[in-house]
């Protein structure tokens, strides 16, 4: 199991987004590691109108323009959202969703306590991290605590373990307003765990291979003509 270091992120954002699938986020909370396997990511570029960086440099966005491997966190829909800067200034990858992975019973219970449903009921284990704000809640990732820090922390890690996706789905990103490059195929999902993603690209209305998504081999390069590079 190898911990990712900043050089891993000194590459194109789409390549980083693909290679993060199957890695594990680990956050040490009160002496216990809370862990989740990354199953969904989205890539953003400085010139991409769906990116915060396209709105320009501000104090709250400075982490986006920091060296690769810097954590950029912001508030989305009333919750925290976790990103990492990549190869070009303003380029980043959003960690969109995950599944609990290799947790002790105590760690899993802590994740449930951190992230109950809106009614206060216990979520199914597989749904604890199915969305960017749910992921941050379940792992106790907070904007004030992590924004601007660089990987290599004693209490926070992203590691490559023994899980490798058998196939990866490439599709369009979620929640991008019209006219802000909503058509770009810069969302990546572990195919065998697509039902645990924010939205399953295989079962969304009108979904069809080659039309709304494509399947990549685990080591296959993203289809650049469907990303910001094709503009």
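Quick note: the coordinates plus some simple rules give every number you see, no bench work behind them. All values reported here derive from a predicted model rather than from experimental measurement. Neighbour counts run over all protein chains shown; Cβ positions are idealised from the backbone, glycine included.
If you rank 104, 54, 81 by fewest surrounding Cβ atoms within 10 Å, what's the result?
So the ranking, lowest neighbour count to highest, is 104, 54, 81.
When the chain is fully extended, how far beyond the present Cα-Cα distance does residue 125 get from residue 77, taking 0.36 nm per residue of separation?
Full-extension gain reported as 15.1 nm.
Please find, in a Gaussian network model of the chain (springs between Cα atoms separated by less than 10 Å), the residue of 25, 176, 39 whose mean-square fluctuation is greatest.
176
Whole Å is fine, so just give me how far the alpha carbon centre of region 66-86 lies from that of region 11-39.
If we compute the Cα centre of each part, the gap is 13 Å.
Before anything else, pin down the relative contact order of the chain: Cα pairs under 8 Å, at least 6 apart, normalised by residue count, whole percent.
Rounded, it is 25 percent for the chain.
Stokes-Einstein D for region 52-115 at 25 °C, 0.890 mPa s, Kirkwood Rh over Cα pairs, in µm²/s?
Value of D from the Cα-based Kirkwood radius: 182 µm²/s.
Which FRET efficiency value, to the nearest 0.05, do you get for residue 59 and residue 113 by plugging their Cβ-Cβ distance into 1/(1 + (r/R0)^6) with R0 = 30 Å?
Efficiency computed from Cβ-Cβ geometry: 0.35.
Set the Förster radius R0 to 22 Å, insert the Cβ-Cβ distance between residue 180 and residue 203 as r into 1/(1 + (r/R0)^6), and round the FRET efficiency to 0.05.
0.30
Calculate for the chain the 222 nm mean residue ellipticity that helices alone would give, adding -39,500 (n - 2.57) per DSSP H run of length 4 or more and normalising by residue count, nearest 500 deg cm²/dmol.
Result for the chain, helices only: -3500 deg cm²/dmol.
Given the peptides 203-215, 83-95, arrange them by the average over their residues of other C-beta atoms within 10 Å, most packed first.
83-95, 203-215
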